[in-house]
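Participant: One structure coming up, written as structure tokens, with questions to follow.
Where a number appears in this text, it was derived from the coordinates with a stated rule and is not lab data. Every value quoted in this text rests on a predicted model; they were computed, and no experiment measured them. When we count neighbours, we look across all protein chains shown, and the Cβ atoms used for this are built from the backbone with ideal geometry, even at glycine.
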Amino acid sequence: MDIFFDFLQSTGFANLFDEPLSLLMICVGLFFIALAIIKNYEPLLLLPIGFGILVGNIPFGDMGLGVYDNGGLGEAGEDFIPGNASVLSYLYFGVRYGIYPPLIFLGIGAMTDFTTLLSNPKLMLLGAAAQIGIFITFLGALWLGFGAPQAAAIGIIGGADGPTAIFLSAKLAPELLGPIAIAAYSYMALVPVIQPPIMYALTTKKERLIRMAPPREVSQREKILFPLIGFLLVAFIAPGALPLVGMLFFGNLLKESTVTERLANTARNSLIDIVTILLGFTVGASTQSGVFLTTDSLKIFGLGAVAFGVATACGLLFAKFMNLFLKEKLNPLIGAAGVSAVPDSARVVHHVGQTEDPDNYLLMHAMAPNVAGVIGSAIAAGVLWSYLS
């Protein structure tokens, strides 16, 4: 009976009394999984994150199984003891030290077509305008009492770029990495819910019916030169963005050069899938209730919602502003795609446009500010890191 009672004391049911909030986080994990399977909201992200939340919130007591039980792995002044580190802490190493985000950017670059952006470079301004949400969120976080490095990491949520948010928070505010990552990916997944009401509120029916001219044909030489020139310009302007934009443009060069198709296929398929699984799962597992459920986490989620709305609105309003000076008008809906949620934001723009006019095809036009937003958020992260590190 003593052995039996000792076994009972080691179960998650017994430890639940010490960690009752774990049940709340398990419900959150199940909710994410339901959104992924039932609503098809970013299933490649929400399903690994949701299951990771379940894993991270099983009450395991003092058995040392969580992502934070690292045995001194990488901690200054501590001796690493292999036997004291959990397996999850090894997987979480790529999140803690910003290894996974550049690999994600490599895959994004290998699957991204910059043709529309090259054919109509002024659409890059829409991607830049949407990044205003980052700096407004930064100011809001300062106002709520966060330190400047923490506020910068939180601000990147306004760019709706999960990998960039993880990368910057790992560098500037590792203590907030879990809440920032979950907030960033949550709002990325909720693009189809958050953005359409803002689009309808800030545009008229006449504006939503605007048809844009087909993009011009872009030569292969332009496609090859763009990642080279783009990388050099961005790297010299914002060296702090080097790990992200370097991998983004490298992946794009693998794709456009046409001589490294095997490498490009690996980057945009196998590699990005593997890293997405590891990133999503370990980020989810980092949401242990004792670490995650804090007042700061609630503030971060609130700021994230405001940031995403502001970024969407800024892109829309700047497109309307540009129309004051353009002979060929832009459909202002494409301004909403200036956030970095690629390609979901562009798809939402296309869907809203076709709701008004089934023959109006906005997807390719929306991809231009969408990919510009990816570059813009990486540059913003690099600038903030350079200034605050």
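Participant: Can you tally the lysine pairs in the chain where the Cα-Cα distance is under 21 Å and the two residues are eight or more apart, or on different chains?
Facilitator: Counting lysine pairs in the chain gives 13.
Participant: Relative to the first principal axis of the alpha-carbon coordinates of the chain, what is the inclination of helix 162-172, with its axis defined by its Cα atoms, in degrees from 0 to 90 and to the nearest 10?
Facilitator: Rounded to the nearest ten degrees, it is 60.
Participant: What length, rounded to one decimal in nm, is gained on full extension from ASN40 through to ALA201, with 0.36 nm per residue of separation minus their alpha-carbon distance?
Facilitator: Values: separation 161, 0.36 × 161 = 57.96 nm, distance 2.53 nm.
Length difference between fully extended and current span is 55.4 nm.
Participant: Please give the charge dipole size of segment 91-388, origin at the Cα centre, charges +1 on K and R Cβ atoms and -1 on D and E Cβ atoms. Round to the nearest 20 debye.
Facilitator: Values: 18 positive and 15 negative charges, 78 e Å.
Using only the charged Cβ atoms, the result is roughly 380 debye.
Participant: Follow-up question, since we're still on this one. So what are the ³J(HN,Hα) numbers for segment 208-213, from phi and the Karplus equation (6.51, -1.76, 1.60; θ = phi - 60°), rounded to whole Hz, Gly and Pro as x?
Facilitator: 5, 8, 4, 9, 9, 5
Participant: Something else: Simple spin-label model, 7 Å along Cα-to-Cβ: SER389 to ILE58 in nm?
Facilitator: Distance between the two pseudo-spin positions: 3.7 nm.
Participant: Computed FRET efficiency, Cβ-Cβ of LEU30 and THR295, R0 25 Å: what is it to the nearest 0.05?
Facilitator: Working: r = 24 Å, r/R0 = 0.97.
Plugging the Cβ-Cβ distance into 1/(1 + (r/R0)^6) gives 0.55.
Participant: For a label point 7 angstrom out from the Cα of TYR361 toward its Cβ, which stretches of segment 186-223 have the backbone nitrogen within less than 19 Å?
Facilitator: Within reach of a label on TYR361: 209-219.
Participant: Return the sequence-ordered ³J(HN,Hα) values of segment 324-334 in whole Hz as given by the Karplus equation 6.51 cos²θ - 1.76 cosθ + 1.60 applied to θ = phi - 60°, using x for Gly and Pro.
Facilitator: 5, 10, 9, 6, 8, 6, 8, 6, x, 4, 5
Participant: What list do you get for LEU225, LEU326 if you sort them by fewest beta carbons within 10 Å? Can you show the working numbers first?
Facilitator: Working: LEU225 14, LEU326 10.
Lowest count first: LEU326, LEU225.
Participant: Length gain on complete extension for the stretch ALA148 to GLU261, per 0.36 nm per residue less the alpha carbon to alpha carbon distance? Write down the numbers at each step before the final one.
Facilitator: Numbers: separation 113, 0.36 × 113 = 40.68 nm, distance 4.28 nm.
Length gained between ALA148 and GLU261: 36.4 nm.
Participant: Shifting gears a bit: Using θ = phi - 60° and the Karplus curve 6.51 cos²θ - 1.76 cosθ + 1.60, what whole-Hz ³J(HN,Hα) does each residue of segment 117-122 get, with Gly and Pro shown as x?
Facilitator: Values, residue by residue: 5, 5, 6, 9, x, 5 Hz.
Participant: Label point 7 Å out from LEU139 along Cα-to-Cβ: which residues of segment 287-310 have amide N under 17 Å?
Facilitator: Those under the cut-off are 303-304, 306-310.
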